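*Asks:* For reference, the structure I am asking about is given below.
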């Protein structure tokens, strides 16, 4: 076997969610280079309690900016930060 036989195919670009779903349903993903993927976290557990928190405006602005960089709502960013702090200790 030469080196070209071991090369993984690049993922195609999809214009719609349906195109992506069809691809995943039918393709052998072991043939594709998935190294450029982004980890996605899905929140499934119901959020049934609400809290209110006060913080300095500049801190909230920084939280919103970091959440925007990750393309997630700032409340989720705060929740993830709390989860990470709880799992460290």
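*Asks:* So in segment 9-53, with the set limited to residues that are touching a strand residue (DSSP E or B) at 6+ places or on another chain (Cβ under 6 Å) and in contact (Cβ under 8 Å) with a residue 24 or more places away in the chain, which one is nearest to residue 71 (Cα to Cα)? Give the derivation first.
*Replies:* So the first thing to find is which residues in segment 9-53 are touching a strand residue (DSSP E or B) at 6+ places or on another chain (Cβ under 6 Å), and the list is 9, 11, 31-32.
If we keep only those that are in contact (Cβ under 8 Å) with a residue 24 or more places away in the chain too, we end up with 9, 11, 32.
Working: 9: 28, 11: 22, 32: 26 Å.
Per the criteria, the residue is 11.
*Asks:* Out of 72, 51, 78, I need the residue that is surrounded by 10 or more Cβ atoms within 10 Å (Cβ to Cβ), more than 14 Å from the chain's Cα centre (by Cα) and not assigned by TED's automatic domain parsing to the domain that holds residue 13. Which one?
*Replies:* Working: 72 fails: more than 14 Å from the chain's Cα centre (by Cα); 51 fails: surrounded by 10 or more Cβ atoms within 10 Å (Cβ to Cβ).
Only one candidate passes the filter, namely 78.
*Asks:* For segment 32-48, what are the residues that are loosely packed, with under 10 Cβ neighbours inside 10 Å and more than 30 Å from residue 7 (Cα to Cα)?
*Replies:* 42, 44, 45, 46, 47, 48
*Asks:* Run down 46, 41 and say which single residue is assigned to a loop (DSSP other than H, G, I, E, B), at pLDDT below 90, more than 18 Å from the chain's Cα centre (by Cα) and within 19 Å of residue 80 (Cβ to Cβ).
*Replies:* Details: 41 fails: more than 18 Å from the chain's Cα centre (by Cα).
Within the list 46, 41, the selection yields 46.
*Asks:* Hey, among the residues in segment 25-38 that are part of a loop (DSSP other than H, G, I, E, B) and over 19 Å from the mean Cα position of the chain (by Cα), which one's nearest to residue 14 (Cα to Cα)? Lay out the reasoning, then the answer.
*Replies:* Quick first cut of segment 25-38, residues part of a loop (DSSP other than H, G, I, E, B) only: 27-28, 33-38.
Add one more test, that the residue is over 19 Å from the mean Cα position of the chain (by Cα), and what stays is 27-28.
On the way: 27: 14, 28: 16 Å.
Here the answer is 27.
*Asks:* Related question: Collect the residues in segment 54-69 that are under 28 Å from residue 11 (Cα atoms) and either exposed (fewer than 10 other Cβ atoms within 10 Å of the Cβ) or at pLDDT below 95 (or both), keeping them in residue-number order.
*Replies:* Matches in segment 54-69: 69 only.
The values are calculated or read from the model by the stated rules, or taken from the named source; none is laboratory data. Treat the numbers as computed from the prediction; the structure is a model and nothing was measured. Because the Cβ atoms are built from the backbone with ideal geometry, glycine has one as well, and the counts that use them run over all protein chains shown.
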